Amino acid sequence: MASWLIIERGTATDIGGTMEAKSRLQQARLDRGWTQGELIDALMAAAQRLGAQSPASTSWKTLISMYENGRRPVSPDHRPLFREVYEATDEELGFASTTTSVAAAQSTLLPTPTAVVSRTPMPVNPEMLGYLTSVLQQHAQAEPFVGPQFLLAPVGSQMPLIEQMCREAYGPLRQEVLRVGARYAEFLGWLHQDTGRTDEAMRWTRLAMEYAQELGDPMVIAYMLQRRSNIATEAGHAGHGAGLALAALRYASELSPRVHAVVLRQLANSKASLGEASETERAIDQALVAADRGDDDDLAFYCTVSYIEMEAANCQVRLERPQQAVVTYEKSLRNWPAVQERDRGLCLARLATANAILEDVEGAHRAAEQALGIAHRTGSTRILGELYRLQPRLARWRKLVEVSELNRELDLTKQVAP
């Protein structure tokens, strides 16, 4: 089974009775049998011995989680402390050099649709297309667990080859080449969207749309239209988003149940942003019926009834119906698929907002803490964005210990964000 199945599932993964660490830094702690709390005590004691500044214990908790999960490189100021407590070298602890870290960060932003490619003609055959399709399926299955940061580089590295194939392929295989190209470009656009790069998200999704239009498959065209609608709506252009979703619905009779559901859900999102309550409710009701019919659709496999319920609750918040939203969010979370961890985090973050609107501080804090943990594990900017927008809503209760600690964790996350 592919290695992605054991990535990003908590602090370490139990495989055949042994704990599998996700980094050398985490392995060093596990080898000593330390809890995170014991490591924090050791780090703070080391800072005193070395005369170095140390974050507060609550801040260390967040930092250690991000460092051990590989979500952030260890700060140069903190490396001496880890070397001191573990009596180990940078190499033994897996600390990358500055040059390596910069190169790795830059690699997630490349290539662009104008990437330089070889002029040598690339032969296309069914085996190559099968390989690319299989790799994309594994990436798509891994993404809810590992998040976008770990997938941007590998998916992006395939695009020069795929773009070249889409330019040069002809004959019977061209249709399948375009299908693969559309799926890869759309997925790369989604990864950029989930890391907050809206311009890159739209650029790649437009390329996917170009391939889909030449392909002429109604299912793929409708899916790409709703993706463009989603990006436009999240960017604050709900009118454009509604128009794109309605364009996708022109193909309604030719769509699978889940693709139909995801298009309807996107129409509901844009209509809610426009304040059109009756249109929103109608679209959500139809989406729930379509999702309940269910299938193994590879385009919209994630669009379950629970997913639509989360989207319905989000619409209720936009329509200023937070009490209904809380009930719907909680119902959705009770039946959430285990394989959609990242979206569960998004649902929890939105639940926190609805609770805050209702002045349920305890409920808001509880949901937000869970969402933040998932955001750290998956690197989802969309979850963090929801939580950052939550902070002003909790400002009235900022002196409460729980809210103060949550704010410290969120502020620290902002500071170390790439």
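Where a number appears in this text, it was derived from the coordinates with a stated rule and is not lab data. In this text the structure is predicted, and so the values were computed from the model without any measurement. When we count neighbours, we look across all protein chains shown, and the Cβ atoms used for this are built from the backbone with ideal geometry, even at glycine.
Would you please put 26-34, 395-403, 199-207, 183-191 in order of how densely packed they are, using the mean number of other Cβ atoms within 10 angstrom per residue and starting with the highest?
183-191, 199-207, 26-34, 395-403
Note the full-extension length gain between Asp31 and Arg206 as 0.36 nm times their separation in residues minus their Cα-Cα distance, in nm to one decimal. The partial results should precede the final answer.
On the way: separation 175, 0.36 × 175 = 63.00 nm, distance 4.85 nm.
Full extension of this stretch gives 58.1 nm more.
What do you get for Rg/Rh over region 18-103 if you use C-alpha atoms and the Kirkwood form of Rh?
We get a ratio of 0.93 for region 18-103.
Listing Lys271, Lys61 from the residue with the fewest other Cβ atoms within 10 Å to the one with the most, what is the order?
The order, fewest Cβ neighbours first, is Lys61, Lys271.
Please check: in the Gaussian network model of the chain (C-alpha springs, under 10 Å), which one of Pro172, Pro73, Pro218 has the largest mean-square fluctuation.
Maximum fluctuation in the GNM of the chain, among the listed residues, is at Pro172.
If the elastic network links every pair of Cα atoms under 10 Å, which of Ile221, Ile284, Ile40 fluctuates the most in the Gaussian network model of the chain?
With Cα springs under 10 Å in the chain, the top fluctuation among Ile221, Ile284, Ile40 is at Ile40.
Contact order normalised by length for region 320-418, with contacts defined as Cα pairs under 8 Å and 6 or more residues apart; what percent is it?
Value for region 320-418: 24 percent.
Determine the principal axes of the Cα atoms in the chain, then give the extent along each, sorted from largest to smallest and rounded to whole angstroms.
69, 58, 39
Considering just Cα atoms, how many Å³ per residue does the convex hull of region 156-200 enclose?
Output value, Cα hull per residue: 59 Å³.
In what sequence, highest mean first, do 332-340, 162-170 appear when ranked by Cβ atoms within 10 angstrom?
162-170, 332-340
Let's test the formula: R0 of 22 Å, r as the Cβ-Cβ distance of Asp411 and Asp77. What FRET efficiency results, to the nearest 0.05?
0.80
Suppose R0 equals 35 Å. What FRET efficiency, 1/(1 + (r/R0)^6) with r the Cβ-Cβ distance, do Val135 and Gln48 give to the nearest 0.05? Could you put the intermediate results ahead of the total?
On the way: r = 49 Å, r/R0 = 1.41.
Efficiency, rounded to the nearest 0.05: 0.10.
Restricting to Cα pairs below 8 Å that are 6+ residues apart, what does the relative contact order work out to for the chain? Please round to a whole percent. Write out the running numbers ahead of the final one.
Numbers: 549 pairs, mean separation 52.5, N = 418.
The normalised contact order for the chain reaches 13 percent.
May I ask for the percentage of alpha-carbon pairs in region 288-418 that lie more than 23 Å from each other?
Within region 288-418, distances greater than 23 Å cover 32 percent of Cα pairs.
So if we plug the beta-carbon distance of Asp199 and Arg282 into 1/(1 + (r/R0)^6) with R0 = 22 Å, what FRET efficiency do we get, rounded to 0.05?
Efficiency for this residue pair is about 0.10.
Quote the convex hull volume per residue of region 123-215, based on C-alpha atoms, as a whole number of Å³.
In region 123-215, the Cα hull volume divided by residue count equals 81 Å³.
Under a no-solvent Debye model with one identical scatterer per Cα of region 198-286, what's log10 I(q)/I(0) at q = 0.11, 0.12, 0.14, 0.25 Å⁻¹?
-0.27, -0.32, -0.43, -1.21
Taking only DSSP H segments of four or more residues, each worth -39500 (n - 2.57), what value at 222 nm results for the chain once the sum is divided by all its residues, to the nearest 500 deg cm²/dmol? Before the final figure, lay out the partial values.
Values: 20 runs with 292 residues, N = 418.
Estimated from H runs of four or more residues: -22500 deg cm²/dmol.
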